[in-house]
Amino acid sequence: MAKLFGRNYTRRQVLDLVGDISQVAGIRRAELTEGNERGAGLVEISNASGLSFSLLPGRALDIASANYKGMSLCFRSKTGDVGPAFYEPTGYDWMRGSFLGLLTTCGLTFVGHPEIDPEEEDTELPLHGRLSYIPAKDVTARGCWEGDDYVIRVSGRMREHIMFGHCLEMTREISTVLGEKSIRIHDRVENLGSDPAPLMVVYHTNPGWPLLDRGTRLVLNSKKSTEWTEDRDVDPEEYTTVHAPRAKVHDDVYVHRPAADSRGVVRTGMINDRLGLGLTWTFPRREIPILNQWQHFHKGTYVTGVEPGNCSVLGRAWNRKHDTLEHLAPGAIRDFHLELGVLDGAKEIRAFERSLK
């Protein structure tokens, strides 16, 4: 049943009030043709709950932008929605085409700064892997009624492979329900190769202004949190509060081992009390045991990263040392589920925070 404008509606009641369902929920597909956006494609999704977002089929169906009632939920870099043909894998050139957006997916076999892993490929691995530049195949986008729920689903599959090496395929479905303020992501990764393959997947989500602002809070129950340079333990006071943008400031990265509730589910949030706006992350800890956090409070590139994954963003060597480097056996399948939700108003924010205690 859809909750719209303060009331609950059945399917029949909604259809009695609209000429076409696109009045309250819709999908629009388009082709981007200007400059280096060529090849990215576009799927725009609107929801009368106030949530709208765009996906790029040419970029692994990542979420390039997201808004709630006109307020951006994410950072957008100056690169724009760069098409996959303009990928530059050398060193840190991944950033030349990185829009960041609400979701840039890192992986599938590597996440981290460029490095050489002599125990695997023994060649330079590009920044955060290749997945975000792989175009999706078999893309479908449709909405349909499932009982009294109108559900929009977009799906596709991406394959990361090399002729004489690893072959991993991710099948992705992104969905939202009419009246709800959430985006659900379900990824299934299968090893189609004949050898075990490193599996590193991080959901690089990137809150930006106005959600991100001075005083915005990260709400997180963490069993253990460390910083990236010395691997030392840190207290919440060091990473929970957002600062205003500054002209010169260094980046900070923290690796959290989040605590789950009695059902094994992790919930964390980023809250702007002044706006009464929050963004939440919900995921099973058995699938996603690590939450990475990146702080980049620079003028002009004011962004933070809340990055759940099955590994840290610190590369193969770090994850091997800490026993968090996963391998997927030939024929094996691994599922990941992540839900991004919006909190609207002090009442929803208070209820969310109480649920974490």
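Read-outs: derived from the displayed coordinates by stated rules, not from any lab. In this text the structure is predicted, and so the values were computed from the model without any measurement. Cβ coordinates were reconstructed from backbone atoms using ideal geometry, including for glycine residues, and neighbour counts include every protein chain displayed.
Just a few scattered comments:
- Loop-located trypsin sites (Lys or Arg not before Pro) in segment 246-317 whose Cβ has at most 15 other Cβ within 10 Å (DSSP): LYS248, ARG263, ARG274, ARG286, LYS299
- Check: the chain dipole with +1 on Lys, Arg Cβ and -1 on Asp, Glu Cβ, in debye: 1380
- Comparing GLY269, LEU42, SER222 along the charge dipole axis of the chain, the residue lying farthest to the positive side is GLY269, per the Cβ-charge model.
- Here each label is just a point 7 Å from Cα along the line to Cβ, and for ASP231 and GLU119 those points are 1.2 nm apart.
- The chain, relative contact order [Cα under 8 Å, separation at least 6], %: 16
- Signed unit charges on C-beta, dipole axis of the chain, positive-most listed residue ALA317, HIS327, MET158: MET158
- Set LYS181/LYS357; LYS3/LYS78; LYS78/LYS223; LYS181/LYS347; LYS137/LYS321; LYS248/LYS347 screened for pairs whose C-alpha atoms are more than 25 Å apart: LYS3/LYS78; LYS78/LYS223; LYS137/LYS321; LYS248/LYS347
- Cα Rg, Dmax (largest Cα-Cα span) when computed across the chain, Å: 19.9, 64
- Of the chymotrypsin sites (Phe, Trp or Tyr not before Pro) in segment 241-304, those whose Cβ has at most 14 other Cβ within 10 Å and which sit in DSSP loop: none
- Ordering of 57-63, 318-324 by packing [mean C-beta count within 10 Å, highest first]: 57-63, 318-324
- Prolate is the label for segment 97-163, because a/c, from the alpha-carbon gyration tensor with a ≥ b ≥ c as root eigenvalues, is 1.5 or above and a/b exceeds b/c.
- Comparing ALA40, ALA260, ALA317 in a Gaussian network model of the chain (Cα springs below 10 Å), the most mobile by mean-square fluctuation is ALA317.
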